[in-house]
Amino acid sequence: MAVYNILILFLLLLFFSLSTAQPSADEQKLLLTIKQDWDNPDPLSSWSSTGNWTGVICSNTGQVTGLSLPSLHIARPIPASVCSLKNLKYLDLSYNNLTGDFPTVLYGCSALEYLDLSNNQLSGRLPDGIDMLSSGMQHLNLSSNAFVGDVPSAIGRFSKLKSLVLDTNNFNGNYPGAAIGGLVELETLTLAYNPFKPGPVPKEFGNLTKLTYLWLSRMNITGTIPDDLSSLTELTLLDLSQNKMQGQIPEWVLKLKKLEILYLFASNFSGEIGPNITALNLQELDLSMNKLSGSIPEDIANLKKLRLLFLYYNQLTGPIPAGVGVMPNLTDIRLFDNKLFGPLPSELGKHSELGNFEVSNNNLSGELPDTLCFNKKLYDIVVFNNNFSGVFPANLGDCDTLNNIMAYNNHFTGDFPKKIWSFAMLTNIMIGDNNFTGTLPSEVSFNISRIEMGNNRFSGALPLAAVGLKSFTAENNQLSGELPDDMSRLNNLTELNLAGNRLSGSIPPSIQSLTRLTSLNLSSNQISGEIPAALGLIGLNMLDLSDNELTGDIPQEFNNLHLNVLNLSSNQLSGEVPGSLQNGAYDRSFLSNHGLCATVNMNLNLPACPYEGHNKLSMSLIIVFSVLAGVVFIGAVAIWLLILRHQKRRQDLTVWKMTPFRTLDFSECDVLGNLREENVIGSGGSGKVYRIHIGGKGSAGKVVAVKRLWRTPAKSDAKSDKEFDAEVRILGEARHNNIVNLLCCISSDDAKLLVYEYMENGSLDSSSSSGAANWNMRTGRGVSREFFLFTEIIFTCGWIYRLRR
């Protein structure tokens, strides 16, 4: 905003730069002291007796009159030695990194006339004694810092001040209107962009008749524009925008002869714009975001120097004056969001280098003038939500400066200029809700990021490539053909809406390359085939494939999607809906697909899946449970057989009778359990002899010899059993060193078992016949072989005799 201030700075710098004199020797010493006190900052490294004195401005006599040191990233505090330069009038330290409070060390610079500390990080309150700066101060710029509190009334004591620039701080108190109003030499005053306490424009500002630049925007001004300011006839800029003002715009404002820039936007002004606008020097007029009513005055065409016309967000009615079309310098027109009606000026754009044209949200009608891009500067056409009709001007197809076209919701007809799709600078085309015809090229410009062309009558195939395209909505047209086989050249798409066209073929698997796609609508076409599983691998949150001819299952990959909107209705899909989609949120998503079913959620307006089709998991469970049942059955049978065997064995044991003749550490079970063929060591006419090992209670156990005597159960009787028991008892109770101990007798109805101590090295018979061993050595106890034989023979023969008897 500080156009005038920048101009002043430029002129001053130009003036000082004319001086090429070097500082005198004495002044050089002072400069070197300043450099040292400033901690030798790098930007001042050239300061030396033989070097360049960067930023030093000298008079012809070698006296330092100015230091111009902006944008040098100086962060150290200003040293007091700066004021040792007694002729210093100009000090510019803007755009550095100065911090802390206002530098009161500058009070010592008695000749100072120009001080610029703007765009630093100074903070705190301005000192009440700020008038201790040089009384000859003419330009004071403290803008773009962080000062707070009040603006001290001492500011009013700088009677020679021409420029007071205090904008863009954090002043949150008051500013002294009366004191500032006394600075009658002021030409520039900026207090904008500070959160001052609310209040009206001080009437005393009307005393500043030399003001050319008054910037008071966004500082909580209330009330109306006082007529006292009508005396400010030298104004070239008046900015009261973004305040809390109200009332009408005074007529005198629009009659200021030297006014070049008028900004009154967002200040809640009402009423009509004065009919007699005679501010012939006005270049920028911004009355937007108010409550202005009435029509745009015809006299506005008299503002021949006007470049910018902003009247948007008001309640203006009537047509756009025809004279606007012949204004020679108008480059930016913004009249949107009003109640304007009628046609556009017929020669709009022909007599000026029109660049931006925004008239959306009105009731304008007729055709767009074919002169809009007459001077090849047009970059924005924003005409949506009007009643424009006719064809889009064909010569816009040669307007390659276009960046943005927003013409939706009108009544345009005819072919949309095909060349526009290839413009290198074009980024947005929003032309939906018209009656456009035409086709799309196979490749659109790489810079186009948004195409909205729904509800028209475009035909032909889809583009094969649009590498920059992010949003493509073309619903309800007459597009035909298939989706591109290779969709990777559309891989920046985030939104694709082709609903209500005549597309056919299948959805190509290459759609997986659209990794940024979040919204896909292909509904109401003639797309067939199966839904590719690739769709389930994209981060979609909206998917509509309804009213097509899709077949097959819904891919299980859809379980990966987190969809806010899903519609697969009116297709020929079959099978079970994926589990994650069996959700009440999708109860209208699968209608009119007679082959689909559900198993989990019965609120999907779908039938339950049949048992056979419950899926392969159900059959697998049946097989598993059948196998388990078989294993359990076989185990039960085996356990039952073991129990029977055990019971039989116990039953068998109960028919055996054991008669012990010694203290035994084994039972009949230990003996009977080892009567196996592999333990037989001999066999004869009366029976078999077994050598068996009995574990017993000891760790080593013992070995016994068991002789099993044959017996015929049919010839058994109780008398013979008693005789056998009596004779065996006699033998078992015998105690003699030469008699092998009979440990016990075990008998049943089938057999009799004699259990002896086992004697190593074979039978007596084998020993006597072979003569291989001495009898005494074999028995180890000097047992009489004859006596043993006699005993055994007598016993055995006697028993056999009794059996035969």
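The values are calculated or read from the model by the stated rules, or taken from the named source; none is laboratory data. In this text the structure is predicted, and so the values were computed from the model without any measurement. In this analysis, Cβ positions are derived from the backbone assuming ideal geometry, glycine residues included, and neighbour counts consider all displayed protein chains.
Considering T278, T331, the condition of being over 23 Å from H411 (Cα atoms), among the hydroxyl-bearing types (S, T, Y) and in contact (Cβ under 8 Å) with a residue 40 or more places away in the chain is satisfied by T331 alone. Would the range 90-99 turn up any residue that is at negative phi, crowded, with 16+ Cβ neighbours inside 10 Å, hydroxyl-bearing (S, T, Y) and more than 49 Å from the chain's Cα centre (by Cα)? There is at least one residue in the range 90-99 that is at negative phi, crowded, with 16+ Cβ neighbours inside 10 Å, hydroxyl-bearing (S, T, Y) and more than 49 Å from the chain's Cα centre (by Cα). Of the residues making up the range 237-296, those that are out of contact with any Phe, Trp or Tyr (no Cβ under 8 Å at 6 or more places or on another chain), of a type in the set (G, A, S) and crowded, with 18+ Cβ neighbours inside 10 Å are A266, S267, G274, A279.
Here N567, N583, N548, N559 are screened, and the one residue that is among the polar types (S, T, N, Q), assigned by TED's automatic domain parsing to the domain that holds R516 and either at pLDDT below 95 or touching a His at 6+ places or on another chain (Cβ under 6 Å) (or both) is N559.
Of everything in the range 368-388 that is polar (S, T, N, Q) and assigned to a loop (DSSP other than H, G, I, E, B), the residue that is nearest to P319 (Cα to Cα) is N386.
For the range 499-533, residues that are part of a strand (DSSP E or B) and either over 16 Å from S488 (Cα atoms) or among the charged types (D, E, K, R) (or both) total 8.
The residue of the range 170-218 that is surrounded by the most Cβ atoms within 10 Å (Cβ to Cβ), among those that are part of a loop (DSSP other than H, G, I, E, B) and small (G, A, S), is A192.
Yes or no, residue by residue, for (1) in the same structural domain as N476 (by TED's automatic domain parsing); (2) under 19 Å from S524 (Cβ atoms); (3) outside any helix (DSSP H, G or I); (4) touching a Lys or Arg at 6+ places or on another chain (Cβ under 7 Å):
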{"position": "L535", "(1), (2), (3), (4)": "yes, yes, no, no"}
{"position": "L540", "(1), (2), (3), (4)": "yes, yes, yes, no"}
{"position": "L543", "(1), (2), (3), (4)": "yes, yes, yes, no"}
{"position": "S589", "(1), (2), (3), (4)": "no, yes, yes, no"}
{"position": "L596", "(1), (2), (3), (4)": "no, no, yes, no"}
{"position": "N603", "(1), (2), (3), (4)": "no, no, yes, no"}
{"position": "P610", "(1), (2), (3), (4)": "no, no, yes, no"}
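Being at pLDDT 95 or above, touching a strand residue (DSSP E or B) at 6+ places or on another chain (Cβ under 9 Å), assigned to a loop (DSSP other than H, G, I, E, B) and under 21 Å from F436 (Cα atoms), is that true of even one residue in the range 330-342? No: the range 330-342 contains no residue that is at pLDDT 95 or above, touching a strand residue (DSSP E or B) at 6+ places or on another chain (Cβ under 9 Å), assigned to a loop (DSSP other than H, G, I, E, B) and under 21 Å from F436 (Cα atoms).
When G124, G51 are checked against the criterion of being exposed (fewer than 15 other Cβ atoms within 10 Å of the Cβ) and either of a type in the set (K, R) or in a loop (DSSP other than H, G, I, E, B) (or both), G51 stands alone in meeting it. Under the condition of being part of a loop (DSSP other than H, G, I, E, B) and closer than 23 Å to M542 by Cβ, the residues counted in the range 468-489 number 10. Here S68 does not qualify as modelled with pLDDT under 95 and either surrounded by fewer than 16 Cβ atoms within 10 Å (Cβ to Cβ) or under 16 Å from Y90 (Cβ atoms) (or both).
All conditions in (1) under 22 Å from the mean Cα position of the chain (by Cα); (2) of a type in the set (S, T, Y); (3) within 16 Å of M453 (Cα to Cα) hold for T473, with the sole exception of (1).
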